[in-house]
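Written out below as structure tokens is the structure these notes cover.
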Amino acid sequence: MHEENKAAANGCGKIRSGTQNEAALLALMEKTGYSMVQENGQRKFGGPPPGWEGPPPPRGCEVFVGKIPRDMYEDELVPVFERAGKIYEFRLMMEFSGENRGYAFVMYTTKEEAQLAIKILNNYEIRPGKFIGVCVSLDNCRLFIGAIPKEKKKEEILNEMKKVTEGVNRGFAFVEYESHRAAAMARRRLIPGTFQLWGHTIQVDWADPEKEVDEETMQRVKVLYVRNLMISTTEDTIKAEFNKFKPGVVERVKKLRDYAFVHFFHREDAVAAMSVMNGKCIDGASIEVTLAKPVNKEGTWKQHFNGQISPGSENLLAFPNKEDCHQKSLGKPASLSVRLNGQHSLGPPEVERCTYPFFPGIKLTPISMYSLKSSHFSSAAMHLDYFCNKNNWAPPEYYLYSTTSQDGKILLVYKVLIPSIADGSQSYFMPDKLCTTVEGAKELAAQFTLLHL
């Protein structure tokens, strides 16, 4: 047995009996022939498995596993996930104490095995009363690069970033890296906000990852996603243009700013229209047409890197290119139900660029508050909301309580709940001081929460 395997097995002996723990993990490695190594806060089982030749499996083969009991390890987990197929690599996130961190990543050798794992193991009772969540892993390789001068071309950004970019649209770009690790390292270096291109401070954060949709589902899609439309182009114009090649095939059109969804009565007409209309001009704009990617309505999950996963219920078709629905893009129409931190909320009113009336010539551009840096916020409550958004958590929930002082004054305190991280050990945050105003109580509660996160 390799020394690194023994060291990895020893690494978590502090929770279970050291002898029992090491014996169980070593027995698993002896049985399967897989190696195990612990590094950078995670323990890797396999990657590649014994006898593997060729490159690693493609994207779409990995699943995220959340809500794992903290004292459960590979000897119990691997046999469960092997039911869905051959495991290429199992990565269990570890605490320094030896407990696991509540979540893991399982990469299978094929996409079909990963989909089967989600189907049969999501909400699986791993221990009595303990149910795990399994969803598609968001192996994000793209970074959002904001505040790029609009006149800069794709080739210029390509040369400046020394990486491959997917394009520029209205002053922002999405830069794709060769791996999630490379993207994460780049984000760590650039995220402080000191990075500049062409004399401009650049905003950098994760791009929304593209959703993986299985081939069987895509074969049933009869809706087209049309982008690069003029803002002034109407739904009636789009419907008329797509009906030209075959009258009466379009059921309806839903336009949202500079993109639209074109619904057809029959799939074969949608596929034919995509071939004919891609690259065509409508009102002077060259459009791009692809099949829209549907979202699973029966229960999608959002992964959090604290071991939790939360259910979602998106009912709109997803965007094949997330540039057009990114939270950092311009304002969305009020009719669009958008997701923010896993919650549905009504989008802001349609907002266009405008000129500041008090100083002629100064142009104003609508932005999302989440595209700013934390230094732009002076309020602790705003800081907390911003912090939750950056960590892909649900917004904080505030609950107001009151009591009466000896001199008859009403004193107030807020209890703060952050659903995404609530567990048995820390279900809420509440400061140890009372306030005389609602505003003061909320600020104090937010400050207290931030200090303890």
Region 378-452 - Debye-derived log10 I(q)/I(0), Cα point model, q = 0.13 Å⁻¹
-0.38
State, as an integer percentage, the relative contact order of region 217-291 based on alpha-carbon contacts under 8 Å between residues 6 or more apart.
43
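If eta is 1.567 mPa s and T is 4 °C, what Stokes-Einstein diffusion coefficient results for region 217-291, Kirkwood Rh from Cα pairs, in µm²/s?
108
With every protein chain left in place, what is the accessible area per residue of region 378-452 in square angstrom, probe 1.4 Å?
Working: 4340 Å² over 75 residues.
Solvent-accessible surface per residue comes out at 58 Å².
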Estimated Rh, region 27-136: Kirkwood, alpha-carbon pairs, angstrom
14.0
Determine ³J(HN,Hα), in whole Hz, for all residues of region 437-453 in sequence, where each value follows from phi through the Karplus function 6.51 cos²θ - 1.76 cosθ + 1.60 and θ = phi - 60°; x replaces Gly and Pro.
10, 5, 4, x, 5, 5, 4, 5, 5, 5, 4, 4, 5, 4, 5, 9, 8
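The values are calculated or read from the model by the stated rules, or taken from the named source; none is laboratory data. These numbers were taken from a predicted model, which means no experiment stands behind them. Note: areas computed on protein heavy atoms with side chains; ligands, DNA, RNA excluded. Shrake-Rupley method; radii C 1.70, N 1.55, O 1.52, S 1.80 Å.
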